[in-house]
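Notes for the one structure printed next.
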Amino acid sequence: MSVNLTAENQTVIRTAAYGAIHLLAFAGLAGSAHKVATEGSLSYASATGEVGHVLASKKNDFKLKGKTAAAVADQVLPALAEAVGILKAQDEAEAENFRKVVTVAVEAANRAHKGAPSPSMAEMSRKITEALNA
């Protein structure tokens with residue numbers, strides 16, 4: 001099945017995906033937020049399907065508003081659920097692809113620190129996963 005995404009749909013997908021990594025960087029401040037952001041964002045380079053094309057486009061058509069994790073979460077967590085809904089309405093497989101792409105990025109971001117993720121990283125990862133499955 002073909003997926004036809006509007007510019008607005010693509011903005012939602014980019015906001016959701018890159019916003020999830022931004023949230024994890026907030027949660028990983030005790031270690032290295034830069035490493036968290038780098039590992040998570042680099043994983044998007046391996047994304048395939050329509051989601052891969054959207055994430056690879058490098059458009060700066062979204063702005064994460066807020067200087068706190070709470071403010072950014074208010075924007076990003078609903079965007080994750082909305083992105084899944086947009087994709088699901090057109091192609092269930094592409095919605096599942098988006099979930100997997102973001103999940104891999106979350107796992108990559110969590111590996112930026114040695115050992116198990118910190119409690120704050122684990123909790124933020126849970127919130128992102130919950131939003132993807134809402």
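All of the numbers you see were taken from the coordinates with simple rules; none came from a lab. For clarity, every value in this text was computed on a predicted model and none was experimentally measured. Quick reminder, even Gly has a Cβ in these numbers, built from the backbone with ideal geometry, and neighbours come from all protein chains shown.
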Where does the stretch 14-64 land on the Kirkwood hydrodynamic radius, alpha-carbon pairs, in angstrom?
11.4 Å
Paramagnetic reach from residue 118 (point 7 Å along Cα→Cβ, amide N under 19 Å) across the stretch 56-100
67-73
Taking the Cα centre of the chain as origin and charging only Cβ (+1 Lys, Arg; -1 Asp, Glu), how large is the dipole, in debye to the nearest 20?
540 debye
MRE, 222 nm, helices only [DSSP H, n ≥ 4, -39500 (n - 2.57), over the chain, to nearest 500]:
-23500 deg cm²/dmol
Give me the percent relative contact order of the chain, please, defined on Cα pairs under 8 angstrom at least 6 residues apart.
37 percent
Among the complete DSSP H segments of the chain, which ones combine at least 18 Å of alpha-carbon extent along their axis with a mean Kyte-Doolittle hydropathy of -1.0 or more?
7-27, 69-90, 92-110, 119-132
Taking only Cα atoms and a 10 Å spring cutoff, compute GNM fluctuations for the chain and point out the largest among 85, 19, 66.
66
Computed over the stretch 7-132, Cα set: Rg, Dmax in Å
13.4, 40
For residue 34 and residue 100, what is the calculated FRET efficiency with R₀ set at 30 Å and r taken between the beta-carbons, to the nearest 0.05?
0.75
Taking the dipole about the Cα centre of the chain, with the C-beta of Lys and Arg at +1 and of Asp and Glu at -1, give me whichever of 80, 27, 5 is farthest to the positive side.
27
With the cut-off at 22 Å, tell me which of the pairs 59/127; 67/114; 35/67 have Cα atoms farther apart than that.
59/127; 67/114
